[in-house]
Amino acid sequence: MINKDTLNSALLEIKRRNKEANNLAYAFLQKALQNEEFRNLYALEKQAEIENAKSEVYGEEKKYNIKEIEDKKNAVLKKLKINKNALIPHYTCTKCNDTGYVNGKMCSCLKSLINEELFKQSGLTHNLQNFNCSNFNLFNKPEKIQQIYSTMQKWCEKDSKYSIIILSGKTGVGKTYLMECMANNLISNQNIVCWTSAFNLNQSLLKFHTTFDGARLSHISNLLGADYLFIDDLGTEPILKNVTVEGIYNVISDRLENNKKTIISTNLSLDEIENIYGERIFSRLVNKEKALCINIENSDLRLKIKK
């Protein structure tokens, strides 16, 4: 479940859009209703719809020609220089008519607004990178890196048995860049994506650990509820007793149980991950049936870009 405040913020914008569309259509209707001829035809149309519905229920011939009434009404609107379509609400999203849900499921417009809220919380201050803009010539072994990018793009676009992706490698080899490309792709395909640094993840876990009221779960609900969770720079956070290791284990386990995907970047080797986080977390991160570990080898890209 996504954090209540995050969801409510997105729904508030949906509600604003819905109200704006309805108010605009209502304003044009009120303008048209000032004309007596239109007002009479409008009332007649409503009455005709009710009477025809009754006739249909009882198997009787319909009493009114709705099309004829509508044509007369539109002719009056034309004289008033009011477009007939102006009386119909024009919603931002035609899938859900700015309600946020289609058949009880989140509409893509609501997911998009949730992603905007999550992006604001992520700490990222720039637009996410894109697979199509990747420059593989910067890498020592461009063909190998291109294959990694291709594998990750396919993973984003198709169902995969892997619920966990580990991107390891030294500082500056492009792990975060690749994760941003993945996040951008997933958001474009209407998935809810939560991005956090390992440090911010640790802070959320600490707040969860030290909160004892009804707001406790709110500190980690986005981490658990997002379709895809990106954790950048695992291993750079301080290890807090009874917080970090236990918290990360619980987040990863909960997401695995609910078939939600987790993508992690780290400078640590697999041995270092086991030494720092213990066997329980290590076993989940290297489970060959559920996890895919990719090591990116390259010289520091930041130095190449500066040249």
field: Residues satisfying the stated conditions in segment 172-187, i.e. of a type in the set (A, V, I, L, M) and assigned to a loop (DSSP other than H, G, I, E, B)
entry: 173
- prompt: Considering segment 86-122 alone, what residues qualify as being more than 15 Å from residue 19 (Cβ to Cβ) and part of a loop (DSSP other than H, G, I, E, B)?
  reply: 88, 94, 95, 103, 104, 107
- prompt: Hey, any hits in segment 209-227 for a residue that's open to solvent by less than 50 Å² (accessible area, probe 1.4 Å), within 24 Å of residue 295 (Cα to Cα), in contact with a strand residue (DSSP E or B) (Cβ under 6 Å, 6 or more places away or on another chain) and not small (Gly, Ala, Ser)?
  reply: no
- prompt: Out of curiosity, is residue 205 open to solvent by less than 30 Å² (accessible area, probe 1.4 Å), in a helix (DSSP H, G or I), farther than 25 Å from residue 289 by Cα and among the aliphatic types (A, V, I, L, M)?
  reply: yes
query: In this structure, does residue 105 turn out to be charged (D, E, K, R) and within 30 Å of residue 190 (Cα to Cα)?
result: yes
- prompt: Quick one: is residue 190 of a type outside the set (A, V, I, L, M, F, W, C), part of a loop (DSSP other than H, G, I, E, B), modelled with pLDDT under 90 and touching a helix residue (DSSP H, G or I) at 6+ places or on another chain (Cβ under 8 Å)?
  reply: no
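Is it true that some residue in segment 152-160 is of a type in the set (Phe, Trp, Tyr) and assigned to a helix (DSSP H, G or I)? Before you say what the answer is, go through the steps one by one.
If we filter segment 152-160 for residues that are of a type in the set (Phe, Trp, Tyr), which is where we start, we get 155.
With assigned to a helix (DSSP H, G or I) added as a condition, the list becomes 155.
Yes, segment 152-160 contains a residue that is of a type in the set (Phe, Trp, Tyr) and assigned to a helix (DSSP H, G or I).
From the set of residues in segment 115-140 that are aliphatic (A, V, I, L, M) and closer than 20 Å to residue 221 by Cα, which is surrounded by the fewest Cβ atoms within 10 Å (Cβ to Cβ)?
124
Condition check ((1) closer than 27 Å to residue 97 by Cβ; (2) basic (Lys, Arg); (3) out of contact with any strand residue (DSSP E or B) (no Cβ under 8 Å at 6 or more places or on another chain)) across all residues:
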| site | (1), (2), (3) |
| --- | --- |
| 19 | yes, yes, yes |
| 41 | yes, no, yes |
| 48 | yes, no, yes |
| 55 | no, no, yes |
| 61 | no, no, yes |
| 64 | no, no, yes |
| 70 | yes, no, yes |
query: Which members of segment 48-85 meet the condition of being in contact with a Leu (Cβ under 8 Å, 6 or more places away or on another chain), in a helix (DSSP H, G or I) and open to solvent by 90 Å² or more (accessible area, probe 1.4 Å)?
result: 72, 84
field: Filter result (assigned to a helix (DSSP H, G or I) and among the aliphatic types (A, V, I, L, M)) within segment 219-262
entry: 223, 224, 245, 248, 251, 252, 256
field: Members of segment 193-202 that are assigned to a helix (DSSP H, G or I) and surrounded by 16 or more Cβ atoms within 10 Å (Cβ to Cβ)
entry: 198, 200, 201, 202
message: Take residue 52 and tell me if it is under 30 Å from residue 10 (Cα atoms), in contact with a Phe, Trp or Tyr (Cβ under 6 Å, 6 or more places away or on another chain) and not hydrophobic (A, V, I, L, M, F, W, C).
response: no
message: The conditions are (1) open to solvent by less than 40 Å² (accessible area, probe 1.4 Å); (2) at pLDDT 95 or above; (3) within 23 Å of the chain's Cα centre (by Cα); (4) not polar (S, T, N, Q), and residue 149 fails exactly one of them. Which is it?
response: (2)
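Yes/no per residue for (1) of a type in the set (S, T, N, Q); (2) within 20 Å of residue 197 (Cα to Cα); (3) in contact (Cβ under 8 Å) with a residue 40 or more places away in the chain; (4) open to solvent by less than 20 Å² (accessible area, probe 1.4 Å):
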position: 241; (1), (2), (3), (4): no, yes, no, no
position: 247; (1), (2), (3), (4): no, yes, yes, yes
position: 254; (1), (2), (3), (4): no, yes, no, no
position: 258; (1), (2), (3), (4): yes, no, no, no
position: 264; (1), (2), (3), (4): no, yes, yes, yes
position: 276; (1), (2), (3), (4): no, yes, yes, no
position: 279; (1), (2), (3), (4): no, no, no, no
position: 288; (1), (2), (3), (4): no, no, no, no
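The values are calculated or read from the model by the stated rules, or taken from the named source; none is laboratory data. Just so it is clear, the model here is predicted, and its values are computed rather than measured. In this analysis, Cβ positions are derived from the backbone assuming ideal geometry, glycine residues included, and neighbour counts consider all displayed protein chains. Calculation scope for accessible area: heavy atoms of the full protein, side chains included, ligands and nucleic acids excluded. Shrake-Rupley method; radii C 1.70, N 1.55, O 1.52, S 1.80 Å.
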